[in-house]
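Read the structure below first, then the notes.
The values are calculated or read from the model by the stated rules, or taken from the named source; none is laboratory data. What you are looking at is a predicted structure, and each value in this text was computed from that prediction instead of being measured. Quick reminder, even Gly has a Cβ in these numbers, built from the backbone with ideal geometry, and neighbours come from all protein chains shown.
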Ligand SMILES: [Zn+2]
Ligand SMILES: [Zn+2]
């Protein structure tokens, strides 16, 4: 188990899925409810208005949108992390998600292949060495 710095207070804590420590997690839950209620009451508010009115922290608001805990209003879209196109929530627009999923699959396949290849070559290498243990010196010279 690794540790990580909390994105909000910089405290070191045991690595979990969230980038925030448990104390900040509680604060985020509080702010989440405030934002959610505010958006429900003001469905057309933009991000800066939400922050101004609710006094929540911008990184938290963006985090909640990225994590799809909140769905933004039409005026509070956030840019796709890849192409900058406005999106309602999450990290990437639909197009980039599709593209990245296929890129990721390709990468996964490549990595699986690499692992297989290195395992195989290691195996053959070991087998080779055992078989040729006696004349190892000779083989290495060649
Ligand atoms: Zn923290
Ligand atoms: Zn995109």
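I'd like the residue in region 84-98 that is without any contact (Cβ under 8 Å) to a residue 12 or more places away in the chain, near ligand 2 (Cβ under 8 Å from one of its atoms) and under 17 Å from residue 63 (Cα atoms) and, out of all such residues, is surrounded by the most Cβ atoms within 10 Å (Cβ to Cβ).
87
Every residue, every condition in (1) closer than 24 Å to residue 77 by Cα; (2) in the same structural domain as residue 61 (by TED's automatic domain parsing); (3) in a helix (DSSP H, G or I), yes or no:
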residue	(1), (2), (3)
7	yes, yes, no
20	yes, yes, no
24	no, yes, yes
27	yes, yes, yes
32	yes, yes, yes
39	yes, yes, yes
45	yes, yes, no
48	yes, yes, yes
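Loosely packed, with under 11 Cβ neighbours inside 10 Å, under 19 Å from the mean Cα position of the chain (by Cα) and more than 16 Å from ligand 1 (Cβ to nearest atom): does that describe residue 105?
Considered against the rule, which asks whether it is loosely packed, with under 11 Cβ neighbours inside 10 Å, under 19 Å from the mean Cα position of the chain (by Cα) and more than 16 Å from ligand 1 (Cβ to nearest atom), residue 105 comes out as yes.
Is at least one residue of region 108-122 at pLDDT 80 or above and within 30 Å of residue 45 (Cα to Cα)?
No, because not a single residue in region 108-122 is at pLDDT 80 or above and within 30 Å of residue 45 (Cα to Cα).
In region 67-89, how many are modelled with pLDDT under 85 and either outside the structural domain of residue 30 (by TED's automatic domain parsing) or in a loop (DSSP other than H, G, I, E, B) (or both)?
Here the count works out to 11.
Could you list, in sequence order, all residues of region 9-18 that are part of a loop (DSSP other than H, G, I, E, B), surrounded by 10 or more Cβ atoms within 10 Å (Cβ to Cβ) and either more than 12 Å from ligand 1 (Cβ to nearest atom) or at positive phi (or both)? Please lay out each step first, then the result.
The initial filter retains those residues of region 9-18 that are part of a loop (DSSP other than H, G, I, E, B), namely 9-11, 15-18.
From what is left, the residues that are surrounded by 10 or more Cβ atoms within 10 Å (Cβ to Cβ) are 9, 11, 15-16, 18.
Passing the criteria: only 15.
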